[in-house]
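Chemist: Starting off with a structure, shown below.
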Amino acid sequence: MKNLTNKKGVSGSFRDPTGFLFTDNGILYRQINPPGFDDYFLLLNSGLYQELTATELLIPHEEISEYDQNSLPDQIVIKPEKVGFISFPYEWSFSQLKNAAQITLQIQKIALQNGMSLKDCSAYNIQFFHGKPILIDTLSFERYQEGEPWAAYRQFCQHFLAPLALMAYTDVRLSQLLRIYIDGIPLDLASKLLPKKTSLNFSLNVHIHIHAKSQARYSEKEIDHEKDRRQMQVHQLLGLVDSLASGVEKLTWKPDQTDWAEYEKFHNYSPGALQHKSDLVAQFLSQTQSSLVWDLGANVGRFSRLASQQKIDTIAFDIDPGVVELNYLRVVEESDRHLLPLVADLSNPSPGLGWAHQERQSLMERGPADTVLALALIHHLAIGNNVPLKKLAEFFSRICQWLIIEFVPKDDPQVKRLLKVRKDIFSDYDQDRFLTEFNNYFEVLAQQKIKDTNRVLFLYKNKNS
(Lines give C-alpha, C1' and ligand atoms only; values in the text may rest on other atoms or scores of the structure.)
Protein backbone atom coordinates (compact mmCIF):
# COMPACT_ATOMS: atom_id res chain seq x y z
CA MET A 1 0.00 0.00 0.00
CA LYS A 2 1.11 3.53 -0.74
CA ASN A 3 2.75 5.10 2.30
CA LEU A 4 0.21 7.55 3.74
CA THR A 5 2.04 9.67 6.29
CA ASN A 6 -0.06 12.86 6.49
CA LYS A 7 -3.51 11.47 7.23
CA LYS A 8 -6.13 14.01 8.23
CA GLY A 9 -9.68 12.95 9.02
CA VAL A 10 -12.58 14.58 7.15
CA SER A 11 -14.66 16.43 9.73
CA GLY A 12 -17.99 15.21 8.37
CA SER A 13 -17.06 11.51 8.31
CA PHE A 14 -17.17 9.88 11.73
CA ARG A 15 -20.62 8.36 12.34
CA ASP A 16 -20.15 5.03 10.54
CA PRO A 17 -18.08 2.44 12.47
CA THR A 18 -17.37 0.54 9.25
CA GLY A 19 -15.12 3.29 7.88
CA PHE A 20 -14.35 6.96 7.35
CA LEU A 21 -12.88 9.47 4.92
CA PHE A 22 -9.49 11.10 5.29
CA THR A 23 -7.08 13.11 3.18
CA ASP A 24 -3.38 12.72 2.68
CA ASN A 25 -1.49 15.52 0.95
CA GLY A 26 -4.79 16.83 -0.39
CA ILE A 27 -5.95 13.49 -1.85
CA LEU A 28 -9.19 11.93 -0.55
CA TYR A 29 -9.21 8.32 0.68
CA ARG A 30 -11.71 6.07 2.44
CA GLN A 31 -10.63 3.65 5.15
CA ILE A 32 -12.71 0.50 5.58
CA ASN A 33 -12.58 -1.05 9.05
CA PRO A 34 -12.99 -4.81 9.76
CA PRO A 35 -16.73 -4.51 10.63
CA GLY A 36 -17.27 -3.34 7.06
CA PHE A 37 -15.20 -5.96 5.26
CA ASP A 38 -17.96 -8.53 4.61
CA ASP A 39 -20.37 -6.02 3.08
CA TYR A 40 -17.58 -4.40 1.06
CA PHE A 41 -16.53 -7.74 -0.41
CA LEU A 42 -20.15 -8.61 -1.18
CA LEU A 43 -20.52 -5.27 -2.97
CA LEU A 44 -17.55 -6.18 -5.17
CA ASN A 45 -18.19 -9.89 -5.63
CA SER A 46 -21.95 -9.67 -6.26
CA GLY A 47 -21.44 -7.52 -9.33
CA LEU A 48 -23.36 -4.64 -7.72
CA TYR A 49 -20.34 -2.33 -7.66
CA GLN A 50 -19.62 -2.98 -11.32
CA GLU A 51 -23.25 -2.38 -12.34
CA LEU A 52 -23.61 0.85 -10.37
CA THR A 53 -20.32 2.35 -11.49
CA ALA A 54 -20.94 1.38 -15.13
CA THR A 55 -24.25 3.26 -15.04
CA GLU A 56 -22.69 6.24 -13.20
CA LEU A 57 -24.86 5.74 -10.12
CA LEU A 58 -21.94 5.11 -7.71
CA ILE A 59 -18.61 6.89 -7.60
CA PRO A 60 -15.82 4.50 -8.70
CA HIS A 61 -12.71 3.95 -6.63
CA GLU A 62 -9.20 2.56 -6.81
CA GLU A 63 -8.00 0.08 -4.19
CA ILE A 64 -4.82 1.28 -2.50
CA SER A 65 -4.41 -1.61 -0.07
CA GLU A 66 -2.78 -4.84 -1.15
CA TYR A 67 -4.37 -7.85 0.54
CA ASP A 68 -5.67 -11.38 0.16
CA GLN A 69 -9.30 -11.92 1.16
CA ASN A 70 -8.14 -15.03 3.01
CA SER A 71 -5.59 -13.04 5.03
CA LEU A 72 -7.06 -9.65 5.75
CA PRO A 73 -5.28 -6.53 7.01
CA ASP A 74 -6.44 -4.32 9.89
CA GLN A 75 -7.86 -1.89 7.36
CA ILE A 76 -8.53 -1.49 3.65
CA VAL A 77 -7.93 1.86 1.95
CA ILE A 78 -9.59 2.94 -1.29
CA LYS A 79 -9.27 6.17 -3.29
CA PRO A 80 -12.61 7.40 -4.67
CA GLU A 81 -12.67 9.38 -7.89
CA LYS A 82 -12.52 13.10 -7.09
CA VAL A 83 -15.94 14.78 -7.09
CA GLY A 84 -14.89 18.42 -6.90
CA PHE A 85 -17.24 20.92 -5.28
CA ILE A 86 -19.30 19.43 -2.44
CA SER A 87 -22.86 20.75 -2.22
CA PHE A 88 -25.59 20.10 0.31
CA PRO A 89 -29.35 19.38 -0.03
CA TYR A 90 -30.39 22.77 1.34
CA GLU A 91 -28.51 24.33 -1.60
CA TRP A 92 -30.31 22.29 -4.25
CA SER A 93 -33.23 23.27 -6.44
CA PHE A 94 -36.44 21.25 -6.46
CA SER A 95 -35.43 19.07 -9.41
CA GLN A 96 -31.94 18.50 -8.03
CA LEU A 97 -33.42 17.08 -4.83
CA LYS A 98 -36.00 15.12 -6.84
CA ASN A 99 -33.34 13.62 -9.12
CA ALA A 100 -31.21 12.75 -6.08
CA ALA A 101 -34.22 10.97 -4.55
CA GLN A 102 -34.89 9.10 -7.77
CA ILE A 103 -31.38 7.73 -8.14
CA THR A 104 -31.36 6.73 -4.46
CA LEU A 105 -34.45 4.59 -5.06
CA GLN A 106 -33.00 3.27 -8.31
CA ILE A 107 -29.85 2.21 -6.45
CA GLN A 108 -31.89 0.53 -3.71
CA LYS A 109 -33.83 -1.45 -6.28
CA ILE A 110 -30.67 -2.63 -8.03
CA ALA A 111 -29.07 -3.44 -4.67
CA LEU A 112 -32.01 -5.64 -3.63
CA GLN A 113 -31.76 -7.50 -6.91
CA ASN A 114 -28.12 -8.22 -6.05
CA GLY A 115 -28.70 -9.39 -2.48
CA MET A 116 -27.85 -6.08 -0.79
CA SER A 117 -29.67 -3.04 0.57
CA LEU A 118 -28.92 0.60 1.39
CA LYS A 119 -28.43 0.83 5.14
CA ASP A 120 -28.80 4.61 5.08
CA CYS A 121 -30.41 7.11 2.72
CA SER A 122 -28.77 10.35 3.71
CA ALA A 123 -29.13 13.01 1.04
CA TYR A 124 -25.59 14.03 1.98
CA ASN A 125 -24.38 10.80 0.37
CA ILE A 126 -25.44 12.18 -3.00
CA GLN A 127 -23.34 14.69 -4.92
CA PHE A 128 -23.61 16.22 -8.38
CA PHE A 129 -20.84 14.87 -10.58
CA HIS A 130 -20.51 15.78 -14.25
CA GLY A 131 -23.96 17.36 -14.09
CA LYS A 132 -25.78 14.36 -12.59
CA PRO A 133 -26.47 13.04 -9.07
CA ILE A 134 -24.31 10.15 -7.93
CA LEU A 135 -23.87 8.14 -4.71
CA ILE A 136 -20.48 8.81 -3.14
CA ASP A 137 -20.63 6.51 -0.09
CA THR A 138 -19.23 3.10 -0.93
CA LEU A 139 -20.07 1.86 2.58
CA SER A 140 -23.81 2.58 2.34
CA PHE A 141 -24.55 -1.04 1.44
CA GLU A 142 -25.22 -4.05 3.64
CA ARG A 143 -26.21 -7.66 2.99
CA TYR A 144 -29.97 -8.06 2.60
CA GLN A 145 -31.38 -10.21 5.38
CA GLU A 146 -34.46 -12.19 4.38
CA GLY A 147 -37.58 -10.79 6.04
CA GLU A 148 -35.91 -7.64 7.36
CA PRO A 149 -37.63 -4.28 6.75
CA TRP A 150 -35.73 -1.49 5.04
CA ALA A 151 -33.64 0.17 7.73
CA ALA A 152 -33.29 3.40 5.76
CA TYR A 153 -36.98 3.87 4.95
CA ARG A 154 -37.61 6.59 7.55
CA GLN A 155 -34.41 8.39 6.60
CA PHE A 156 -35.41 8.44 2.94
CA CYS A 157 -38.75 9.97 3.84
CA GLN A 158 -37.12 12.63 6.02
CA HIS A 159 -34.27 13.51 3.68
CA PHE A 160 -36.14 13.35 0.38
CA LEU A 161 -39.90 12.81 0.35
CA ALA A 162 -40.85 15.26 3.12
CA PRO A 163 -38.83 18.23 1.81
CA LEU A 164 -39.96 17.57 -1.77
CA ALA A 165 -43.61 17.45 -0.69
CA LEU A 166 -43.24 20.68 1.30
CA MET A 167 -41.55 22.40 -1.64
CA ALA A 168 -44.26 21.20 -4.04
CA TYR A 169 -47.36 21.77 -1.91
CA THR A 170 -46.49 24.47 0.64
CA ASP A 171 -43.51 26.69 -0.24
CA VAL A 172 -40.31 25.95 -2.13
CA ARG A 173 -38.34 27.87 0.50
CA LEU A 174 -39.12 25.19 3.08
CA SER A 175 -36.17 23.26 1.70
CA GLN A 176 -34.19 25.47 4.08
CA LEU A 177 -35.56 23.38 6.96
CA LEU A 178 -32.82 20.94 5.95
CA ARG A 179 -30.34 23.47 7.36
CA ILE A 180 -32.04 23.15 10.74
CA TYR A 181 -32.70 19.40 10.72
CA ILE A 182 -29.45 17.79 9.60
CA ASP A 183 -30.99 14.29 9.59
CA GLY A 184 -33.96 15.32 7.51
CA ILE A 185 -37.26 17.04 8.24
CA PRO A 186 -39.17 15.26 11.05
CA LEU A 187 -42.23 13.60 9.61
CA ASP A 188 -44.58 14.94 12.27
CA LEU A 189 -43.49 18.48 11.37
CA ALA A 190 -43.86 17.82 7.65
CA SER A 191 -47.32 16.37 8.25
CA LYS A 192 -48.40 19.52 10.12
CA LEU A 193 -47.02 21.87 7.45
CA LEU A 194 -48.52 20.07 4.46
CA PRO A 195 -52.05 21.05 3.38
CA LYS A 196 -54.87 18.68 4.33
CA LYS A 197 -55.45 17.74 0.71
CA THR A 198 -52.18 15.78 0.70
CA SER A 199 -53.93 13.16 2.84
CA LEU A 200 -55.80 12.26 -0.34
CA ASN A 201 -52.49 11.56 -2.09
CA PHE A 202 -51.83 7.86 -1.50
CA SER A 203 -48.04 8.10 -1.38
CA LEU A 204 -47.88 11.18 0.85
CA ASN A 205 -50.61 9.84 3.12
CA VAL A 206 -48.85 6.51 3.65
CA HIS A 207 -45.23 7.63 3.71
CA ILE A 208 -45.62 10.93 5.58
CA HIS A 209 -48.95 11.31 7.42
CA ILE A 210 -49.53 7.70 8.52
CA HIS A 211 -45.78 7.17 8.92
CA ALA A 212 -45.62 10.17 11.29
CA LYS A 213 -48.54 8.85 13.37
CA SER A 214 -46.92 5.44 13.53
CA GLN A 215 -43.67 6.98 14.78
CA ALA A 216 -45.54 8.87 17.49
CA ARG A 217 -47.44 5.78 18.58
CA TYR A 218 -44.37 3.58 18.87
CA SER A 219 -42.28 6.27 20.59
CA GLU A 220 -44.67 6.26 23.55
CA LYS A 221 -44.38 2.60 24.48
CA GLU A 222 -41.75 -0.03 25.02
CA ILE A 223 -41.20 -2.20 22.02
CA ASP A 224 -40.07 -5.79 21.88
CA HIS A 225 -38.06 -5.34 18.70
CA GLU A 226 -37.89 -9.06 17.92
CA LYS A 227 -41.62 -9.55 18.49
CA ASP A 228 -42.80 -6.34 16.81
CA ARG A 229 -40.37 -6.39 13.89
CA ARG A 230 -42.41 -6.48 10.72
CA GLN A 231 -41.39 -9.17 8.27
CA MET A 232 -40.92 -7.95 4.71
CA GLN A 233 -39.96 -10.19 1.85
CA VAL A 234 -37.85 -8.88 -0.99
CA HIS A 235 -40.83 -8.49 -3.34
CA GLN A 236 -42.54 -6.35 -0.68
CA LEU A 237 -39.44 -4.17 -0.34
CA LEU A 238 -39.34 -3.74 -4.10
CA GLY A 239 -43.00 -2.74 -3.93
CA LEU A 240 -42.17 -0.18 -1.24
CA VAL A 241 -39.42 1.27 -3.42
CA ASP A 242 -41.81 1.44 -6.39
CA SER A 243 -44.43 3.18 -4.23
CA LEU A 244 -41.91 5.79 -3.09
CA ALA A 245 -40.64 6.25 -6.65
CA SER A 246 -44.19 6.80 -7.92
CA GLY A 247 -44.84 9.36 -5.18
CA VAL A 248 -41.61 11.24 -5.91
CA GLU A 249 -42.25 11.23 -9.67
CA LYS A 250 -45.67 12.87 -9.22
CA LEU A 251 -44.30 15.78 -7.19
CA THR A 252 -43.84 18.87 -9.34
CA TRP A 253 -43.03 22.55 -8.89
CA LYS A 254 -43.14 25.39 -11.42
CA PRO A 255 -40.12 27.72 -11.31
CA ASP A 256 -42.06 30.73 -12.62
CA GLN A 257 -43.43 31.43 -9.14
CA THR A 258 -40.37 33.36 -7.87
CA ASP A 259 -39.13 36.95 -8.13
CA TRP A 260 -36.26 36.57 -10.61
CA ALA A 261 -37.42 33.67 -12.79
CA GLU A 262 -38.23 36.00 -15.72
CA TYR A 263 -35.32 38.44 -15.28
CA GLU A 264 -33.94 37.47 -18.69
CA LYS A 265 -37.09 38.95 -20.29
CA PHE A 266 -37.05 42.21 -18.35
CA HIS A 267 -33.43 43.22 -17.73
CA ASN A 268 -32.24 46.70 -18.77
CA TYR A 269 -29.52 45.73 -21.25
CA SER A 270 -29.97 46.51 -24.92
CA PRO A 271 -29.06 43.62 -27.26
CA GLY A 272 -25.80 45.42 -28.08
CA ALA A 273 -24.98 46.00 -24.41
CA LEU A 274 -25.68 42.37 -23.54
CA GLN A 275 -23.44 41.13 -26.32
CA HIS A 276 -20.70 43.57 -25.34
CA LYS A 277 -20.88 42.44 -21.72
CA SER A 278 -20.70 38.78 -22.79
CA ASP A 279 -17.68 39.51 -24.98
CA LEU A 280 -15.93 41.34 -22.15
CA VAL A 281 -16.58 38.57 -19.62
CA ALA A 282 -15.28 35.97 -22.08
CA GLN A 283 -12.21 38.10 -22.77
CA PHE A 284 -11.49 38.65 -19.07
CA LEU A 285 -11.98 34.94 -18.33
CA SER A 286 -9.40 34.07 -20.96
CA GLN A 287 -6.86 36.17 -19.04
CA THR A 288 -7.31 34.11 -15.88
CA GLN A 289 -5.97 30.63 -15.22
CA SER A 290 -9.14 29.09 -13.92
CA SER A 291 -10.11 25.52 -13.19
CA LEU A 292 -12.94 26.59 -10.84
CA VAL A 293 -15.27 29.56 -11.29
CA TRP A 294 -17.97 30.77 -8.90
CA ASP A 295 -20.67 32.90 -10.50
CA LEU A 296 -22.39 34.81 -7.67
CA GLY A 297 -25.88 36.02 -8.51
CA ALA A 298 -25.84 33.88 -11.66
CA ASN A 299 -29.57 33.99 -12.42
CA VAL A 300 -30.18 31.36 -15.15
CA GLY A 301 -26.48 31.02 -15.94
CA ARG A 302 -25.98 33.07 -19.11
CA PHE A 303 -22.49 34.13 -18.06
CA SER A 304 -21.74 30.95 -16.11
CA ARG A 305 -21.83 29.11 -19.41
CA LEU A 306 -19.05 31.27 -20.81
CA ALA A 307 -16.87 29.35 -18.34
CA SER A 308 -18.51 25.91 -18.32
CA GLN A 309 -18.49 25.73 -22.11
CA GLN A 310 -14.71 26.07 -21.89
CA LYS A 311 -14.78 22.96 -19.64
CA ILE A 312 -14.10 25.04 -16.54
CA ASP A 313 -15.94 23.68 -13.50
CA THR A 314 -18.41 26.43 -12.64
CA ILE A 315 -20.71 26.85 -9.65
CA ALA A 316 -23.66 29.15 -10.41
CA PHE A 317 -25.10 30.56 -7.18
CA ASP A 318 -28.35 32.49 -6.89
CA ILE A 319 -30.73 33.36 -4.06
CA ASP A 320 -33.82 32.59 -6.16
CA PRO A 321 -34.78 28.88 -6.25
CA GLY A 322 -36.74 29.50 -9.44
CA VAL A 323 -33.77 30.61 -11.52
CA VAL A 324 -31.60 27.86 -10.02
CA GLU A 325 -34.27 25.37 -11.07
CA LEU A 326 -34.35 26.74 -14.63
CA ASN A 327 -30.56 26.70 -14.77
CA TYR A 328 -30.39 23.09 -13.57
CA LEU A 329 -33.04 21.92 -16.04
CA ARG A 330 -30.95 23.41 -18.83
CA VAL A 331 -27.85 21.67 -17.46
CA VAL A 332 -29.74 18.37 -17.69
CA GLU A 333 -31.10 19.14 -21.17
CA GLU A 334 -27.65 20.05 -22.51
CA SER A 335 -25.73 17.36 -20.54
CA ASP A 336 -23.42 20.09 -19.25
CA ARG A 337 -20.72 18.27 -17.26
CA HIS A 338 -19.11 21.41 -15.86
CA LEU A 339 -21.94 23.58 -14.49
CA LEU A 340 -23.54 23.17 -11.06
CA PRO A 341 -26.35 25.61 -10.14
CA LEU A 342 -26.97 26.08 -6.40
CA VAL A 343 -29.23 28.16 -4.14
CA ALA A 344 -27.27 30.60 -1.97
CA ASP A 345 -28.11 33.81 -0.14
CA LEU A 346 -24.82 35.73 -0.09
CA SER A 347 -26.06 37.87 2.79
CA ASN A 348 -26.58 34.66 4.78
CA PRO A 349 -24.55 31.90 3.07
CA SER A 350 -24.52 28.29 4.21
CA PRO A 351 -22.82 28.10 7.61
CA GLY A 352 -20.86 25.26 9.18
CA LEU A 353 -23.41 22.77 10.49
CA GLY A 354 -23.61 19.59 12.50
CA TRP A 355 -21.29 18.38 15.20
CA ALA A 356 -18.97 21.17 16.42
CA HIS A 357 -20.13 23.22 13.40
CA GLN A 358 -17.77 21.11 11.28
CA GLU A 359 -19.84 18.22 9.93
CA ARG A 360 -21.07 20.23 6.93
CA GLN A 361 -18.64 22.88 5.73
CA SER A 362 -19.65 26.49 5.31
CA LEU A 363 -19.67 27.98 1.84
CA MET A 364 -16.49 29.92 2.61
CA GLU A 365 -14.71 26.74 3.76
CA ARG A 366 -15.45 25.13 0.39
CA GLY A 367 -13.54 27.87 -1.41
CA PRO A 368 -11.63 29.63 -2.65
CA ALA A 369 -12.46 29.64 -6.33
CA ASP A 370 -9.89 30.57 -8.92
CA THR A 371 -12.21 33.20 -10.40
CA VAL A 372 -15.40 34.80 -9.12
CA LEU A 373 -17.95 36.47 -11.38
CA ALA A 374 -19.94 39.20 -9.60
CA LEU A 375 -22.07 40.62 -12.40
CA ALA A 376 -25.02 42.97 -11.75
CA LEU A 377 -24.68 41.99 -8.10
CA ILE A 378 -22.87 44.59 -6.04
CA HIS A 379 -25.77 47.07 -5.84
CA HIS A 380 -28.03 44.36 -4.42
CA LEU A 381 -25.55 43.68 -1.63
CA ALA A 382 -24.51 47.27 -0.95
CA ILE A 383 -27.93 48.93 -1.25
CA GLY A 384 -30.38 46.04 -0.96
CA ASN A 385 -28.62 44.50 2.03
CA ASN A 386 -26.69 47.45 3.53
CA VAL A 387 -23.28 45.77 3.19
CA PRO A 388 -20.56 48.46 2.98
CA LEU A 389 -18.18 48.39 0.02
CA LYS A 390 -15.29 47.87 2.43
CA LYS A 391 -16.80 44.62 3.69
CA LEU A 392 -17.64 43.49 0.17
CA ALA A 393 -14.04 44.01 -0.97
CA GLU A 394 -12.72 42.04 2.01
CA PHE A 395 -15.24 39.24 1.39
CA PHE A 396 -14.30 38.86 -2.27
CA SER A 397 -10.60 38.87 -1.38
CA ARG A 398 -11.15 35.74 0.72
CA ILE A 399 -12.88 33.68 -1.95
CA CYS A 400 -10.95 34.15 -5.20
CA GLN A 401 -7.69 34.84 -6.98
CA TRP A 402 -9.29 36.66 -9.93
CA LEU A 403 -12.44 38.75 -9.71
CA ILE A 404 -14.61 39.87 -12.63
CA ILE A 405 -16.99 42.40 -11.13
CA GLU A 406 -19.50 44.85 -12.56
CA PHE A 407 -19.97 48.19 -10.85
CA VAL A 408 -23.54 49.47 -11.20
CA PRO A 409 -23.78 53.24 -10.48
CA LYS A 410 -26.59 55.09 -8.75
CA ASP A 411 -27.97 56.51 -11.97
CA ASP A 412 -28.64 53.00 -13.27
CA PRO A 413 -32.36 52.12 -13.61
CA GLN A 414 -31.94 49.03 -11.41
CA VAL A 415 -30.39 51.05 -8.58
CA LYS A 416 -33.10 53.71 -8.91
CA ARG A 417 -35.67 50.93 -8.58
CA LEU A 418 -34.04 49.75 -5.34
CA LEU A 419 -34.02 53.29 -3.95
CA LYS A 420 -37.70 53.86 -4.73
CA VAL A 421 -38.70 51.76 -1.76
CA ARG A 422 -36.13 52.98 0.76
CA LYS A 423 -34.30 56.07 1.94
CA ASP A 424 -31.00 56.78 0.21
CA ILE A 425 -28.48 56.49 3.05
CA PHE A 426 -25.71 55.38 0.70
CA SER A 427 -23.69 58.55 0.18
CA ASP A 428 -20.47 56.54 -0.14
CA TYR A 429 -21.81 54.27 -2.88
CA ASP A 430 -19.98 55.49 -5.98
CA GLN A 431 -17.23 54.30 -8.28
CA ASP A 432 -14.48 56.27 -6.54
CA ARG A 433 -15.23 54.63 -3.19
CA PHE A 434 -15.58 51.26 -4.94
CA LEU A 435 -12.10 51.65 -6.43
CA THR A 436 -10.61 52.79 -3.12
CA GLU A 437 -11.94 49.80 -1.20
CA PHE A 438 -11.30 47.13 -3.81
CA ASN A 439 -7.84 48.43 -4.65
CA ASN A 440 -6.83 47.66 -1.05
CA TYR A 441 -7.11 43.97 -1.86
CA PHE A 442 -6.90 43.70 -5.65
CA GLU A 443 -4.83 44.91 -8.56
CA VAL A 444 -6.81 46.23 -11.54
CA LEU A 445 -5.83 44.33 -14.68
CA ALA A 446 -8.54 45.75 -16.95
CA GLN A 447 -11.67 47.86 -16.88
CA GLN A 448 -14.20 48.65 -19.56
CA LYS A 449 -17.48 50.54 -19.69
CA ILE A 450 -20.32 48.38 -21.01
CA LYS A 451 -21.86 49.68 -24.21
CA ASP A 452 -25.11 51.71 -23.87
CA THR A 453 -24.80 51.82 -20.06
CA ASN A 454 -22.86 53.57 -17.32
CA ARG A 455 -21.87 50.21 -15.86
CA VAL A 456 -18.17 49.31 -15.73
CA LEU A 457 -16.68 45.82 -15.81
CA PHE A 458 -13.42 45.24 -13.92
CA LEU A 459 -10.90 42.40 -14.01
CA TYR A 460 -9.04 42.21 -10.71
CA LYS A 461 -6.24 40.01 -9.40
CA ASN A 462 -5.92 39.37 -5.69
CA LYS A 463 -2.79 41.02 -4.28
CA ASN A 464 -2.23 38.04 -1.96
CA SER A 465 -2.32 35.41 -4.71
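The values are calculated or read from the model by the stated rules, or taken from the named source; none is laboratory data. Source: prediction; values computed, not measured. Cβ atoms come from the backbone with ideal geometry, glycine included; neighbour counts cover every protein chain shown. What goes into the accessible areas is simple: the full protein's heavy atoms, side chains included, and nothing from ligands, DNA or RNA. Shrake-Rupley method; radii C 1.70, N 1.55, O 1.52, S 1.80 Å.
Chemist: By what distance, in whole Å, do the Cα atoms of the range 52-104 stretch along each of the three principal axes, largest value first?
Modeler: If we take the Cα atoms of the range 52-104, the spans are 47, 21, 16 Å.
Chemist: Can you tell me the mean projection area, over all orientations, of the convex hull of the range 367-425's alpha carbons? Units nm², please. Kindly include the intermediate steps, with their values, before the conclusion.
Modeler: Details: hull surface 16.2 nm².
So the mean shadow area of the Cα hull is 4.0 nm².
Chemist: Once a ≥ b ≥ c are taken as the square roots of the eigenvalues of the Cα gyration tensor of the range 323-465, is the result rounded (a/c under 1.5), prolate (a/b larger than b/c) or oblate (a/b not larger than b/c)? Each step should come with its number before you reach the end.
Modeler: On the way: a/c = 1.45, a/b = 1.35, b/c = 1.07.
Note, shape of the range 323-465 comes out rounded.
Chemist: Each residue of the range 122-128 in turn: what ³J(HN,Hα) in whole Hz from Karplus with 6.51, -1.76, 1.60 and θ = phi - 60°, glycine and Pro shown as x?
Modeler: 5, 5, 6, 7, 9, 10, 9
Chemist: Rounded, prolate or oblate: which fits the range 68-149, taking a ≥ b ≥ c as square roots of the Cα gyration tensor eigenvalues, rounded meaning a/c under 1.5, else prolate when a/b beats b/c?
Modeler: Details: a/c = 2.69, a/b = 1.35, b/c = 1.99.
It is oblate, given that a/c is not under 1.5 and a/b is not larger than b/c.
Chemist: Tell me, what is the percent relative contact order of the range 295-396, built from C-alpha pairs under 8 Å that lie six or more residues apart?
Modeler: On the way: 125 pairs, mean separation 25.0, N = 102.
Computed value for the range 295-396: 25 percent relative contact order.
Chemist: Run the dipole for the chain about the Cα centre, Lys and Arg Cβ at +1, Asp and Glu Cβ at -1, nothing else charged, and hand back the magnitude in debye, nearest 20. Mind showing how you got there, number by number?
Modeler: Values: 50 positive and 56 negative charges, 259 e Å.
The dipole magnitude comes to about 1240 debye.
Chemist: How large is the helix-only mean residue ellipticity at 222 nm for the chain, computed as the sum of -39500 (n - 2.57) over DSSP H runs with n ≥ 4, divided by its residue count, in deg cm²/dmol to the nearest 500? Write down the numbers at each step before the final one.
Modeler: Working: 17 runs with 154 residues, N = 465.
Value at 222 nm, helices only, nearest 500: -9500 deg cm²/dmol.
Chemist: Would you mind classifying the range 256-392 by shape? Square roots of the alpha carbon gyration tensor eigenvalues, ordered a ≥ b ≥ c; an a/c under 1.5 is rounded, otherwise it is prolate if a/b is larger than b/c and oblate if not. Don't skip to the end; give the middle numbers.
Modeler: Numbers: a/c = 1.38, a/b = 1.26, b/c = 1.10.
Rounded.
Chemist: In µm²/s, what is D for the range 25-71 at 4 °C and 1.567 mPa s, where D = kT/(6 pi eta Rh) by Stokes-Einstein and Rh is the Kirkwood radius from Cα pairs?
Modeler: Values: Rh = 12.2 Å.
In µm²/s, the coefficient is 106.
Chemist: Quick one: with all protein chains in place, what share of the accessible area of the range 6-161 is carbon or sulfur, to the nearest percent (1.4 Å probe)? Please list the in-between numbers first.
Modeler: Working: 2860 of 6190 Å².
Exposed carbon and sulfur together represent 46 percent of the surface.
Chemist: Can you tell me the convex hull volume per residue for the range 88-228, based on C-alpha atoms, in Å³ to the nearest whole number? Each step should come with its number before you reach the end.
Modeler: Numbers: hull volume 17.5 nm³, N = 141.
Taking the convex hull of the Cα positions in the range 88-228, it is 124 Å³ per residue.
Chemist: In the chain, how does Rg compare with the Kirkwood Rh, expressed as the Rg/Rh ratio over alpha carbon atoms? If you can, show how the numbers build up before the last one.
Modeler: Values: Rg = 24.6 Å, Rh = 24.3 Å.
Looking at the chain, the ratio lands at 1.01.
Chemist: Suppose all protein chains stay in the model; what accessible area per residue would a 1.4 Å probe give for the chain, in Å²? Don't jump to the answer; show the numbers that get you there.
Modeler: Values: 22070 Å² over 465 residues.
With all protein chains present, the chain gives 47 Å² per residue.
Chemist: Using the Cα atoms of the range 1-142 to build a convex hull, what is its mean projected area in square nanometres? Don't skip to the answer; put the middle values down first.
Modeler: Working: hull surface 34.1 nm².
For the Cα atoms of the range 1-142, the hull's average projected area reads 8.5 nm².
Chemist: Quickly rank 91-102, 341-352 as a protection proxy: mean count of other C-beta atoms within 10 Å, highest first.
Modeler: Numbers: 91-102: 23.5, 341-352: 18.7.
Averaged packing, sorted descending, gives the order 91-102, 341-352.
Chemist: Restricting to lysines 8 or more places apart or on different chains, can you count the pairs in the range 409-455 with Cα atoms under 24 Å from each other?
Modeler: On the way: 410/420; 410/423; 410/449; 410/451; 416/449; 416/451.
The number of close lysine pairs in the range 409-455 is 6.
Chemist: Per-residue HN-Hα couplings for the range 15-29, Karplus 6.51 cos²θ - 1.76 cosθ + 1.60 at θ = phi - 60°, whole Hz, x for Gly and Pro?
Modeler: Working through the residues one at a time gives 7, 9, x, 7, x, 7, 9, 8, 10, 9, 6, x, 9, 8, 10 Hz.
Chemist: Something else about it: Whole angstrom only: what separates the Cα centroid of the range 412-465 from the Cα centroid of the range 108-181?
Modeler: So the two Cα centres are separated by 44 Å.
Chemist: Could I ask something else about it? When the Karplus curve 6.51 cos²θ - 1.76 cosθ + 1.60 is applied with θ = phi - 60°, which whole-Hz ³J(HN,Hα) does each residue of the range 171-178 get, with x for Gly and Pro?
Modeler: Residue by residue, the range 171-178 yields 6, 4, 6, 6, 4, 5, 4, 5 Hz.
Chemist: For residue 442, enumerate residues with amide H under 5 Å from its amide H, sequence gap 5+ or separate chain, H modeled in the peptide plane.
Modeler: Distant-sequence amide H within range of residue 442: 463.
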